[in-house]
Amino acid sequence: MGFSAFGHRWTLFLGATLWSRAVDLFIGLWPKKALEKKEALRLQKAGFPADLSALFRGWGFNRIVLSSGGSMSCHRKVSRPSEIARSQQILESLDVSATPGIPTRPRTGPRFDEFLRWMRRSRSVGWRTGSVEFRKSNQQRACGVRWRVRYDLAIGPTHGWSWFFAWPPRDFKKADWRRVERTGFFQRSTEELTKLGYKGHWRPGLFSDPDRLAAEFWKPTDEPAGSRKDFNALLRWRPR
């Protein structure tokens, strides 16, 4: 879905990634061309991303990711393809004055054949694959903590992204967070990822987050071919 706002042309799209027990549903917003830092700040001050985020939160998309180039994505987990179809209908009839109800809370995992039927119906009315995503997960020990980490790579026709995520073990407590923080680990690893071109942060708020996500760093690019090089460099990096 294309539209113009604040002197730029934007594309708004809906995507879904199938997991073993749930579907990660996301709404993405791309500018036609990546914005300069000054222009991205101007739009933030004007409230453009905040207004869209507030609208998407009303649909249950509670995890918001902003990039330096002006793009953004809003994520939520669902368990039934019917919930995806509902979000698709809302997006296709987008009305900023509307107040759609929040979708029901997911309870069970999706049936794969039902998900495939939903994809085929969507393709038959003009929806298409926008990107290909790869991810690698493992466990790494740093500062006496065994972190579960995940590296993601998504490549589209005109854009690419790579991400780094980390989760602590189940018995990780606030006292453990403070101990690791005193070693300088969070600051050191953030500086190392910044040198690789990644933006993001370690999240002390993980204790109030049901997913207990401790770290989220990302790097978008307008050169999809370069995304693989970024991803390879990220895979070689290790938290220490």
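All of the numbers you see were taken from the coordinates with simple rules; none came from a lab. Worth saying up front: this structure is predicted, and the values here are computed from it rather than measured. All Cβ positions, glycine included, derive from the backbone under ideal geometry; neighbour counts span all protein chains shown.
Could the peptides 38-47, 212-221 be put in order, highest first, of the mean number of other beta-carbon atoms found within 10 Å of their residues?
Details: 38-47: 13.3, 212-221: 20.1.
Top to bottom by mean Cβ count within 10 Å: 212-221, 38-47.
About its Cα centre, what dipole magnitude does the range 132-236 give when the only charges are +1 on Lys and Arg Cβ and -1 on Asp and Glu Cβ, stated in debye to the nearest 20? The partial results should precede the final answer.
Details: 21 positive and 13 negative charges, 112 e Å.
Charge dipole, the range 132-236, about its Cα centre: 540 debye, nearest 20.
For Cα pairs less than 8 Å apart in space and 6+ apart in sequence, what is the mean separation divided by the residue count of the range 132-236, i.e. the relative contact order in percent? Intermediate values should be presented prior to the final figure.
Working: 176 pairs, mean separation 32.0, N = 105.
Relative contact order comes out at 30 percent.
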